[in-house]
Amino acid sequence: MFFPSAIIEWNKLDLEIRNSENVLVFKRKILSFIRPASNSVYGIHNALGVKYLSRLRLGLSHLREHKSKHGFLDTVNPYCNCGEDIESTIHFFLHCPIFNDIRATLFRKIRGIDNVIMNEDDSTTVQILLFGHSHYNNHTNNEILKSTIEYILESDRFSGPLF
């Protein structure tokens, strides 16, 4: 069983990794592929909030799109309970009507930190909410992530077991 599964996994790798010029280059590329880059939480000491934030960053959260993509048996489809769209990270943070009230609070706080975020496209906005931004100082990124974590916890979307 090892060899067939190894061949399948090998074929899933990017051609750039598979065509590495030597073993050392291959090792470096494969490690950067399987190890996510370290992302700062800017000194936030909220274990539960950071856990949920990390799961969202990695695409391994309770959201139906994440669970569906990874084949969780308890997730029949990737659609949100609101019935409007796939329950993606963007949908959760920016569009789901279930969370309109707490979203308004989140963006009131964010506007107080930096109004520029509000002028970004959906994908960039969610990236800033999850990771902060290199253009901001640590204090600003800390405030953004604290507000994001408050939103995540208030949503109560991640409180049950993952599987």
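Throughout, read-outs are computed from the coordinates displayed, never taken from laboratory work. A quick note: this is a predicted structure, and the numbers were derived from the prediction, not measured. Here Cβ is always computed from backbone atoms with ideal geometry, including for glycine, and neighbour counts include all displayed protein chains.
The table for this structure:
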item	result
Order of Ser32, Ser20, Ser147 under a 10 Å beta carbon neighbour criterion, fewest first	Ser32, Ser20, Ser147
Reach of Lys69 by Cα under 14 Å, taken over aspartates and glutamates that are not fewer than 8 positions away in the same chain	Glu87
About the Cα centre, charge dipole magnitude for the range 57-163 (Lys/Arg +1, Asp/Glu -1 at Cβ), debye	220
Contour excess over end-to-end distance, with Cα ends at Arg18 and Asp121 and 0.36 nm allotted per residue	33.7 nm
The chain: angle of helix 138-155 to the longest principal axis, Cα-based, in degrees nearest 10	90
Among 22-29, 49-56, 88-95, the order from most to least packed when residues are scored by Cβ within 10 Å on average	88-95, 49-56, 22-29
Net charge over other residues, Cβ less than 13 angstrom from the Cβ of Ile30 (K, R count +1; D, E count -1)	+3
